[in-house]
Amino acid sequence: MKRTTTYNTTRLFVACLSLLMATACSNIDEDERFIYVEPAEVQRAVLIEDFTGQNCLNCPRAHETIAKLQEQYGKDQVVAVSIHGGNMAVWTNNRMLGLRNDLGDEYNNFWGCTSWPTGMVNRKGGLSTDEQWATAVYNEIQKAPPVRISVWTIQQTGEHSYSVAVNLLATEDYSGKLQLWITENGIVAPQRMPDGSVNATYTHNNVLRAAANGTWGTELRLARGEHHTDVFNFETDAEWKTENLNLVVFAYNGEGVQQALCQQLAPSPTESE
């Protein structure tokens, strides 16, 4: 009996480790099968994709809406990305810093943005105005996410290069994609204001800079209870301020964005050789 108890305890320990201590462990049946145990409840994070532009008079209003929602729910629960693209966005030129880029244009064209500000909350219900975001966020944040996302490590492998390990745990069968975006806060650049003036020292936050794993991300298929880890290697532009960069990670499929996470792109301590 003593030997059997020790053997079962070892298997129990392994089962718990396989869930990374995310849940309480149940007893193992006599046939010693591994049992999936529901993890502790995890709050859903909501993604707001804010299609914006520096020549858009009413876009600062949408930026304020995002700030208020993040103040209400917390920045961990409301993840925002400002996508500069389309006719109201501005390219960098010899007179001013512009935030428009090819990636922003591609998303604008794909989603059919023809007026700004506009956006999507978890990619549900199509494009909407910023006046509709509060209700959409409230509705989405109530739902349980089918997948948990965590960033295990962020390592700076070069002056402007990074290696990121992202872990996922499915709380139900999940099929879709995983997307990694790089955003930047604290960019001081001109912005047209609602009164028609130009604020030359406007602070732009949540600005989409690049997609770390392709425009539409990478395929993701998980069974209920399955852990999955991917490592992504990418580079950032030398002109971006490293201390202001964030990594936005989200899982999505045909039903919309299922979970999101935003984390500062700060390198973990380098191990001594």
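The values are calculated or read from the model by the stated rules, or taken from the named source; none is laboratory data. Remember, it's a predicted structure, so these values are computed and weren't measured experimentally. Every residue, glycine among them, receives a Cβ derived from its backbone with ideal geometry; neighbour counts consider all protein chains shown. Keep in mind that these areas ignore ligands, DNA and RNA; they rest on the heavy atoms of the full protein, side chains included. Shrake-Rupley method; radii C 1.70, N 1.55, O 1.52, S 1.80 Å.
Scanning segment 119-139 for residues that are among the charged types (D, E, K, R) and either part of a helix (DSSP H, G or I) or in contact with a Lys or Arg (Cβ under 7 Å, 6 or more places away or on another chain) (or both), we see that the one that is most open to solvent (accessible area, probe 1.4 Å) is E131. Checking each residue in segment 147-168 for being outside any strand (DSSP E or B) and touching a Ser or Thr at 6+ places or on another chain (Cβ under 6 Å) picks out T157, H160.
Looking only at residues in segment 94-114 that are in a loop (DSSP other than H, G, I, E, B) and touching a strand residue (DSSP E or B) at 6+ places or on another chain (Cβ under 9 Å), the one that is surrounded by the fewest Cβ atoms within 10 Å (Cβ to Cβ) is L97.
For segment 71-93, does any single residue satisfy the condition of being assigned to a helix (DSSP H, G or I), of a type outside the set (D, E, K, R) and surrounded by 13 or more Cβ atoms within 10 Å (Cβ to Cβ)? So that I can check it myself, show each step before the final result.
From segment 71-93, those assigned to a helix (DSSP H, G or I) are 71-73; that's our starting set.
Of the ones still in play, those that are also of a type outside the set (D, E, K, R) are 72-73.
From what's left, surrounded by 13 or more Cβ atoms within 10 Å (Cβ to Cβ): 73.
Yes, the conditions are met somewhere in segment 71-93.
Please pick out the residue among Q264, Q179 that is open to solvent by 60 Å² or more (accessible area, probe 1.4 Å) and either in contact with a strand residue (DSSP E or B) (Cβ under 6 Å, 6 or more places away or on another chain) or at positive phi (or both). Only one candidate qualifies: Q264.
Among what's in segment 199-245 and is of a type in the set (F, W, Y) and assigned to a strand (DSSP E or B), pick the residue that is farthest from N108 (Cα to Cα). Break it down stepwise before answering.
As a first pass, look at segment 199-245 and keep what is of a type in the set (F, W, Y): 202, 216, 232, 234, 240.
Keeping just the survivors that are assigned to a strand (DSSP E or B) gives 232, 234.
On the way: F232: 25, F234: 24 Å.
Among those that are of a type in the set (F, W, Y) and assigned to a strand (DSSP E or B), it is F232.
Checked against the criterion of being within 22 Å of S163 (Cα to Cα), modelled with pLDDT of 95 or more and within 16 Å of the chain's Cα centre (by Cα), segment 191-205 has no qualifying residue. Checking segment 169-185 against the condition returns a match, with at least one residue being out of contact with any Leu (no Cβ under 8 Å at 6 or more places or on another chain), assigned to a strand (DSSP E or B) and closer than 23 Å to A266 by Cα. Here is the figure for segment 142-156: residues that are open to solvent by 70 Å² or more (accessible area, probe 1.4 Å) and either of a type in the set (A, V, I, L, M, F, W, C) or under 19 Å from C262 (Cβ atoms) (or both) total 5.
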